[in-house]
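As structure tokens, the structure follows; a few thoughts come after it.
The values are calculated or read from the model by the stated rules, or taken from the named source; none is laboratory data. Values in this document were obtained by computation on a predicted structure and should not be read as measured data. Using ideal geometry, Cβ is built from the backbone for each residue, glycine included, and neighbour counts are taken over all protein chains shown. We work out accessible area using only protein heavy atoms, side chains counted, and drop any ligands, DNA or RNA first. Shrake-Rupley method; radii C 1.70, N 1.55, O 1.52, S 1.80 Å.
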Amino acid sequence: MTKTAHPARSSGLSRRQLLKAGAGTAALLAAAKLNLPGGAFAQGAGPEVTSAKLGFIALSDAGPLFVAKDKGIFAKYGMPDVDVQKQASWGTTRDNLVLGSEGNGIDGAHILTPMPYLISSGKVTQNNQPTPMYILARLNLDAQCISVAKEYADLKLSLDTAPFKAALEKKKASGKSVKAAMTFPGGTHDLWIRYWLAAGGIDPDKDIETIVVPPPQMVANMKVGTMDCFCVGEPWNAQLVNQGIGYTAVTTGEIWNKHPEKSFAMRAAFVDKYPKAAKALTMAVMEAQQWADKMENKQELATIMAKRQWMNCPVEDVAGRTAGKFDYGTGKVVENSPHIMKYWRDFASYPFQSHDLWFITEDIRWGKYEAGFDAKSLIAKVNREDIWREAAKEMNVPVAEIPTSKSRGKETFFDGKVFDPEDPAAYLKSLSIKRVDA
């Protein structure tokens, strides 16, 4: 175990040297700050390692990872050498998680919540070989969007997709193809757009072709007419509006208010080998979530997220919706939207097992898992809400901000459907369009 140096000696920097260094050496200042009382983490009982490789996709729900890295929060919890690496697509994220850092891959990632389950069960891996994963925290609630091409501007689509169905049928009758884009089969964006389409009578497997497009490529593909609609997170929906290529039909919070979205997940092998490091990473992410959720930090958050090494986009493409202002591109502008991305409030960071059950149930609906799949036993292995609770306790998170149950209870969707985690089969039975008999 590494001994912790005495605070007075560990930085090797005098106050005069730090002041002389000026604003340009923020890293040195951050390092010095760690040696001040209250800045050090778990004296004498630090993480087993100081590094980890974490992947992300250029989306605003990866914001907590950007903040934890940029603001020295990983370092504060004894993990100064965390490498936060941009991934080209969710498929690349999966492949790098399977490899692990030992194989030049990654140890963990900002990830679509269903993916750790699909990877752990071998449903989306080469030769169906499982790579056990753990979900350590949820990263956010709400604030994905479904966007529609400008050619459907006159429809001003929202929650009701019945008018869209008629327009798609007309387009297909003229010999043209119709396509809906999402980011990964069985992932959150796939499930939101399928739910939205199916609620209006559009079968996402028969009436429209669903295609996979990485988030940063959505706008360019819409521009050249590759798809009729897509579902993705920000800043890509706002960028579409800003470029006049399409409009936002709905935010996903309108489909399911306060819905779970991305997760912070790691390879089980890393967590089992380095449990203290895994908890330290979880605490750093949680503290970054708390910071990112404060309204007074939203402009700085947008500035951080827009950076080249993170989302690489104009700040104006992310600032508005980050602060809760949604310009749908149809003349509809919502200020202070209740569907603003939530990083911490409303128990956003806690990984409710009932939510993971909904994602698996929907993936059963669309044929990603076989009917009767034992979701609960897989959730018991993958969902490590116990680590989240340990982290919250060590961070002195107020009791009022820690859920008392692993379930958030019944969930109601915009079309009146109700998901009861005590009876997922009844929910499946209530859905008219699906790939499974229930």
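Residues that are of a type outside the set (Gly, Ala, Ser) and surrounded by fewer than 18 Cβ atoms within 10 Å (Cβ to Cβ) within segment 195-206 comprise Asp203, Asp205, Lys206, listed in sequence order. Only one of the numbered conditions (1) open to solvent by 40 Å² or more (accessible area, probe 1.4 Å); (2) touching a residue at least 24 places away in the same chain (Cβ under 8 Å); (3) outside any helix (DSSP H, G or I) is violated by Arg308, and that is (2).
If you filter segment 170-194 down to residues that are surrounded by 24 or more Cβ atoms within 10 Å (Cβ to Cβ) and hydroxyl-bearing (Ser, Thr, Tyr), you find that the one that is nearest to Leu357 (Cα to Cα) is Thr188. Whether a residue is outside any loop (DSSP other than H, G, I, E, B), closer than 20 Å to Lys262 by Cα and open to solvent by less than 30 Å² (accessible area, probe 1.4 Å) was assessed, and Ala302 passes this test. Against the numbered list (1) open to solvent by 10 Å² or more (accessible area, probe 1.4 Å); (2) over 17 Å from the mean Cα position of the chain (by Cα); (3) of a type in the set (Ser, Thr, Tyr), Thr322 comes up short only at (2).
Under the condition of being of a type outside the set (Asp, Glu) and out of contact with any helix residue (DSSP H, G or I) (no Cβ under 6 Å at 6 or more places or on another chain), the residues counted in segment 95-116 number 11.
Does segment 400-423 contain any residue that is in a helix (DSSP H, G or I), modelled with pLDDT of 95 or more, touching a Ser or Thr at 6+ places or on another chain (Cβ under 6 Å) and not β-branched (Val, Ile, Thr)? Taking every residue of segment 400-423 in turn, none turns out to be in a helix (DSSP H, G or I), modelled with pLDDT of 95 or more, touching a Ser or Thr at 6+ places or on another chain (Cβ under 6 Å) and not β-branched (Val, Ile, Thr). Of these, Glu390, Glu370, which one is acidic (Asp, Glu), part of a helix (DSSP H, G or I) and either out of contact with any Leu (no Cβ under 8 Å at 6 or more places or on another chain) or closer than 20 Å to Ala268 by Cβ (or both)? Glu390 is the lone residue from the list that is acidic (Asp, Glu), part of a helix (DSSP H, G or I) and either out of contact with any Leu (no Cβ under 8 Å at 6 or more places or on another chain) or closer than 20 Å to Ala268 by Cβ (or both).
Scanning segment 206-251 for residues that are small (Gly, Ala, Ser) and under 21 Å from Ser263 (Cβ atoms) yields one hit, Gly233. Taking the criterion of being in contact with a helix residue (DSSP H, G or I) (Cβ under 9 Å, 6 or more places away or on another chain), closer than 25 Å to Val333 by Cβ and among the charged types (D, E, K, R), would at least one residue in segment 214-223 satisfy it? Taking every residue of segment 214-223 in turn, at least one turns out to be in contact with a helix residue (DSSP H, G or I) (Cβ under 9 Å, 6 or more places away or on another chain), closer than 25 Å to Val333 by Cβ and among the charged types (D, E, K, R).
In segment 326-354, the residue that is surrounded by the fewest Cβ atoms within 10 Å (Cβ to Cβ) out of those that are touching a Ser or Thr at 6+ places or on another chain (Cβ under 7 Å) and farther than 24 Å from Phe419 by Cβ is Tyr328. Residues in segment 75-123 that are of a type in the set (A, V, I, L, M, F, W, C), free of Cβ contacts under 8 Å to residues at least 60 places away in the same chain and within 19 Å of Pro47 (Cβ to Cβ): Ala75, Val84, Ile106.
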